[in-house]
Amino acid sequence: MKTQVAIVGAGPSGLILGQLLARAGIDAVILEAQTPEYVLGRIRAGVLEQVAVDLLDEAGVGARMHAEGLPHAGFELLIEGRRHRIDLAGLTGGKRVIVYGQTELTKDLMQARAAAGLKTVYEAKEVSIHDFDGTRPRVRYVKDGQGHEMACDFIAGCDGFHGVCRASVPKHAITHYEKIYPFGWLGLLADTPPVSEELIYAKTARGFSLCSMRSHTRSRYYVQVPLTEKVEDWSDDRFWEELRRRLDPQANARLVTGPSLEKSIAPLRSFVAEPMRFGRLFLAGDAAHIVPPTGAKGLNLAATDVRTLARGLIEHYRGSDAGIDHYSDLCLRRIWKAERFSWWMTQLLHTFPDTNPFEQKALDAELDYVVHSLAGRTTMAENYVGLPFED
C-alpha cells in the first residue's frame, strides 16, 4: 500500500487532518488501534475556541456543531461562595466559545470520512514507523492477523500521549517538559439539565469543582480529589453530596441529580515535547503536549496543530517547504502560551497540599486582582477564547 500521508491515530487531530488534506486533494490513510465504537466511547472535553470552530467549518464538518452546539459568551468564577462573571464577548470584541462534546465532533468527522470513501484502518495492531529520518518513510501494522506495510511521503503522529510515534523518536533528539499535579478531577456525566447556562468554575476550601455540560439535557461535573482516590469508592450519592458542598445556594437550588452515565478520575499534568518534527514525522495533539483541563485548551491545541500541519503539507505539494520547515516553531509558540494559561488557571483555582501560607495569600491576592480588574478579566478572557493564530 502507498499513500502521501500516513496518519497514525483516529482521534480528533488525526480525523481533522485527514479531512483537511482530502479537501486539498492529498491522499491520506488513517490507522487506528481501536474500534470505531471505542473511539466514540471516549468521554472528553467540549469547549471549542473560535479558531477551532472556523477550522471545522473549513473542513466541511461544522453544520451540526452550529445547529446543536451551545455558544457561550462568558463563564462564572465562584470564589468562596461569591460569583464573578467573566464576560468573554464583552472583553474580547465579541468572541465566544461553543460547547460541543468531543464525542459528537468525532462522530461528525468519522461520518464525513466514510461518506467520502476515505480509507481508515481500524484495529490496526502492532503499528510501527520506520525510516522517517529519510525520504521514504514506512508504516507497518497487523490487521486481522496479517502484516501490512504502507509507504508514504510523511507520517503524522496523532496517536496520543502513549502512542508509538513519539516513542519512536531517538531519545537524544527530543526534550520532554513535564509537571505532574498532586490531584485529579473526578468527573461524572449525567442526563440531567445543567445547573447553569454557562460554566461555573468554583474555588473552595474543600477544593476545586466545575459545572459544565454537553447539551441542554446532559451535564458534566467535576470535583478535585487526591490522586490516592479510587473511582469505585465514589458512589453517585457521594459525588452529588460533595459537589453540593462546593457550590453556592443559587447553584444548589438548580442542581438536578441523577444516575451517572460515566464516572472517572483524570490525573492532571502539563507536558510538552520539543521539537514536533523529526525528518518526515510530525507530532500533533496529545502526542506532543498535554494541558490540565482547567483552561479548556487540549482539543483546541490539537486542532491548531493540524491546521498548521495541513497548510504546510499542502504548500509542500504545491512546491514550497516553508510551512513544514516552520511547523514545530509555529506550533510551540502557541502551545507554550496555552500551557502557561492552563497552569495559571490551575494554580489559581485548585487547593495544593504543599502551598505555604505566604504562597496561598499571594495566590488569593492574584485571583482577587483578576476578578476586580478590567485588565485582569481581559487577560483571562483573551486566553480563554483563544489567542489570534500566527501564520
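Details
- Meeting the requirement of 1 or more residues that are closer than 30 Å to E49 by Cβ, the strands (runs of 3 or more DSSP E) wholly within region 102-158 are 120-122, 154-157.
- As a summary of the residue check, F271 satisfies the conditions (1) within 18 Å of D159 (Cα to Cα); (2) under 17 Å from the mean Cα position of the chain (by Cα); (3) surrounded by 20 or more Cβ atoms within 10 Å (Cβ to Cβ) except for the one numbered (3).
- Filter result for G93 (free of Cβ contacts under 8 Å to residues at least 40 places away in the same chain and not in a helix (DSSP H, G or I)): yes
- On the stretch given as region 213-242, residues that are in a helix (DSSP H, G or I) and either touching a residue at least 40 places away in the same chain (Cβ under 8 Å) or among the aromatic types (F, W, Y) (or both) total 4.
- In region 173-195, the condition of being farther than 18 Å from L243 by Cβ, hydrophobic (A, V, I, L, M, F, W, C) and surrounded by 18 or more Cβ atoms within 10 Å (Cβ to Cβ) is met by no residue.
- Residue in region 92-101 that is surrounded by 18 or more Cβ atoms within 10 Å (Cβ to Cβ), more than 28 Å from T217 (Cα to Cα) and in contact with a Gly (Cβ under 8 Å, 6 or more places away or on another chain) present: no
- Residue selected from region 46-70 under the condition buried (at least 17 other Cβ atoms within 10 Å of the Cβ), in contact with a helix residue (DSSP H, G or I) (Cβ under 7 Å, 6 or more places away or on another chain) and outside any helix (DSSP H, G or I), by the criterion modelled with the lowest pLDDT: G46
- Helices (runs of 4 or more DSSP H) wholly inside region 320-391 containing at least 2 residues that are closer than 21 Å to M276 by Cα and in contact (Cβ under 8 Å) with a residue 40 or more places away in the chain: 327-349
- Selection from region 163-175 of residues that are outside any helix (DSSP H, G or I) and in contact with a Phe, Trp or Tyr (Cβ under 7 Å, 6 or more places away or on another chain): V169
- Number of residues in region 292-308 that are farther than 17 Å from I180 by Cβ and either out of contact with any Phe, Trp or Tyr (no Cβ under 9 Å at 6 or more places or on another chain) or outside any helix (DSSP H, G or I) (or both): the value is 8.
The values are calculated or read from the model by the stated rules, or taken from the named source; none is laboratory data. As the structure is a prediction and not an experimental result, all values here were calculated from the model. When we count neighbours, we look across all protein chains shown, and the Cβ atoms used for this are built from the backbone with ideal geometry, even at glycine.
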